[in-house]
Amino acid sequence: MLWSGRHNDDAGVRRPEVGRCSLSGSQDGGAGEAGFRSEVSETAEGSMIVGAVCILAGGLRRSPLVEAAGTSVLDIDLGGGCTVLEAQLRILRESGVDTSAPVLIAAGGHVPQPKTLGHVAGFEVRQGVDDGLRGPAGVVRDMAAAFATEAAQVLVLEANRFQVSGMIDLCEEHAMHHPAATVAAAEEDEPAGATLLTGRCLSLVPPRGFMDLKEQLLSRVYEQGERIRACRVPDGASLPVRTLAELLVLRDRLRSVGADWFAGSAEDRTQEVVVTQSIIGAGAVLGPGSVVARSLVMPGAVVQAGEVLADTVRRGAGAEASKMSASRRGLSW
């Protein structure tokens, strides 16, 4: 990777304190399990401010999950009406991101545009347009450059990855070293779908033309002699959400770190229905004697009496179901 040689590898060296930030999962979530709740005490000097959150939700290809669900991944109901977007914003809020920061969603291309707009989890969510001509860096510049200063950075998230935790670490890393950009790194040093960009970084994006975020913009930042930092987030802190299997893993992960703001259960056994390792959306109807396993039943969808639903996304409004395998590659029709 471009920035692989710029990781913070000071293992065992105590980092300067930039505010007391701690992940509660290290205390009450079990060894090695990172939660999302935080305790943040601001400091007058060196504190990190997120001026805007930009979520890249467009693209030329739909993920297998979006293809099956027929909706933006951000609009998928995790249960009880809590969408993926709302869950993500709740976690950002718990991590110390101020709700005064606007949330800007770049959508377009062949991916359905998100419908969850307005006030969500205390944030104001706005939608921009990604026509595919500007590239990720160009879209971020056009939407969010006005919110990026030396004191307030833009947090860029990818819609196909969910940040369960690690945002506090990312913000601390950035505040301590003041680079032009800080990239969250997951296992094997792969980008984890979260990047902090400064105004001087976005100033390198031309007002016209295509520019990619990782390969082109970060390369230009490096060529200009600016510093790029990478912050390794804990295992399981950033999860892909491209397949049904990955969505179910995310649901379980949120439960394991104590998320209690979405209703419903992944397990339900009564005389009438059996639900196991599944997500049942708000308003979905399960007929008597039905069995739902490893599936997503979307809001308003109906599972007929006696029907067995397995490894399936069931859309609402009578749309045809789509089968997805739980394989690592994610899809078999």
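The values are calculated or read from the model by the stated rules, or taken from the named source; none is laboratory data. The shown structure was predicted, so the numbers you read here are calculated from the model rather than taken from an experiment. Using ideal geometry, Cβ is built from the backbone for each residue, glycine included, and neighbour counts are taken over all protein chains shown.
The figures follow:
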quantity: Yes/no for Val241 being over 16 Å from Leu155 (Cβ atoms), buried (at least 22 other Cβ atoms within 10 Å of the Cβ) and at pLDDT 90 or above; calculated: yes
quantity: Verdict on Phe162 being assigned to a loop (DSSP other than H, G, I, E, B) and of a type outside the set (Val, Ile, Thr); calculated: no
quantity: Residue that is modelled with the lowest pLDDT [pool: residues in the range 244-264 that are part of a helix (DSSP H, G or I) and in contact with a Gly (Cβ under 8 Å, 6 or more places away or on another chain)]; calculated: Ser256
quantity: Inter-residue pairs, beta-carbon under 9 Å, first without any contact (Cβ under 8 Å) to a residue 40 or more places away in the chain and in the range 89-115, second in a loop (DSSP other than H, G, I, E, B) and surrounded by fewer than 22 Cβ atoms within 10 Å (Cβ to Cβ), 6+ apart; calculated: Leu89/Thr99; Leu89/Ala121; Leu89/Gly122; Arg93/Thr99; Arg93/Ala121; Arg93/Gly122; Thr99/Ala121; Thr99/Gly122
quantity: Pro206 being within 22 Å of Pro136 (Cβ to Cβ), assigned by TED's automatic domain parsing to the domain that holds Ala152 and in contact with a strand residue (DSSP E or B) (Cβ under 9 Å, 6 or more places away or on another chain); calculated: no
quantity: Flag if Glu172 is among the charged types (D, E, K, R), touching a Leu at 6+ places or on another chain (Cβ under 9 Å) and not in a loop (DSSP other than H, G, I, E, B); calculated: no
quantity: The range 137-159 - residue that is touching a Gly at 6+ places or on another chain (Cβ under 6 Å) and in a loop (DSSP other than H, G, I, E, B) and, of those, surrounded by the fewest Cβ atoms within 10 Å (Cβ to Cβ); calculated: Thr149
quantity: Selection within the range 71-97 - at pLDDT below 90 and among the charged types (D, E, K, R); calculated: Glu94
quantity: Candidate set: the range 183-232, residues that are part of a loop (DSSP other than H, G, I, E, B) and among the small types (Gly, Ala, Ser); chosen: the one farthest from the chain's Cα centre (by Cα); calculated: Gly225
